[in-house]
Structures are given as structure tokens and as C-alpha cells.
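Trainee: Structure incoming, see below.
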Amino acid sequence: MCWVCEGWSEHKFEWRVGKSGDTAKEPVYMHFDFDEYRPWLMEKDEHGHHVLWKMIPPGKTNYFYSFGGENGVADVAK
């Protein structure tokens, strides 16, 4: 896999409670279709927002957020 050759680009994803959605349970994960929906832990930034920088392939990407660990709940951003 060659990210440069295949045209992948870096994107910042954020979960902001109240703006992205109402779920505030931690930890917060992202799941991407091109990664077989493997969980990626989102880190808190200096503002308390959950952030993940990720290389994304060109075209449409499906993803969702999950909260609370292994038996947590899923949500999509507004």
C-alpha cells in the first residue's frame, strides 16, 4: 500500500459534545470502513475535544464513532 501513490490524504476528525452529538461517554473511538471498522482511540486536545488525525483514501469513506469501550454505544456525527 502506498498512501502517496494512491492519493490518500490526512484528515482531522473531532467529536465535540453538544456540537457533534450528545454522547459524552468515554473513551471515544472512530471506526472506518477501509480499516474493517477497527476501533481507533481518539485523544483529548487542550480544549477537551476528542481528536483523531487519520490518513484517508480518496473517494467516499464510511465511518462511525463509538463510546464507552467494548460494550459501549455507537453514534454518528450531526
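The values are calculated or read from the model by the stated rules, or taken from the named source; none is laboratory data. Worth saying up front: this structure is predicted, and the values here are computed from it rather than measured. A quick note on method: Cβ atoms are made from the backbone with ideal geometry, for glycine too, and the neighbour counts reach across all protein chains shown. These area figures cover heavy atoms from the full protein model, side chains too; ligands, DNA and RNA do not enter into them. Shrake-Rupley method; radii C 1.70, N 1.55, O 1.52, S 1.80 Å.
Trainee: Does at least one position in region 35-48 carry a residue that is touching a residue at least 24 places away in the same chain (Cβ under 8 Å), acidic (Asp, Glu) and outside any loop (DSSP other than H, G, I, E, B)?
Mentor: No - not one qualifying residue is present in region 35-48.
Trainee: For region 35-58, which residues satisfy the criterion of being within 20 Å of Gly7 (Cβ to Cβ) and open to solvent by 70 Å² or more (accessible area, probe 1.4 Å)?
Mentor: Filtering region 35-58 for residues within 20 Å of Gly7 (Cβ to Cβ) gives 35, 53-58.
Listed by number, the residues that qualify are Trp53, Pro58.
Trainee: Which of the residues spanning region 11-25 are part of a loop (DSSP other than H, G, I, E, B) and surrounded by 13 or more Cβ atoms within 10 Å (Cβ to Cβ)?
Mentor: At the first step, the residues of region 11-25 found to be part of a loop (DSSP other than H, G, I, E, B) are 16, 18-20, 22-25.
Selection gives Arg16, Ser20, Thr23, Lys25.
Trainee: If you don't mind, another one. Within region 26-78, can you find the residues that are modelled with pLDDT under 90 and either in contact with a Phe, Trp or Tyr (Cβ under 8 Å, 6 or more places away or on another chain) or not acidic (Asp, Glu) (or both)?
Mentor: Looking only at region 26-78, we keep the residues that are modelled with pLDDT under 90, and these are 68-78.
Answer for region 26-78, where residues must be modelled with pLDDT under 90 and either in contact with a Phe, Trp or Tyr (Cβ under 8 Å, 6 or more places away or on another chain) or not acidic (Asp, Glu) (or both): Gly68, Gly69, Asn71, Gly72, Val73, Ala74, Asp75, Val76, Ala77, Lys78.
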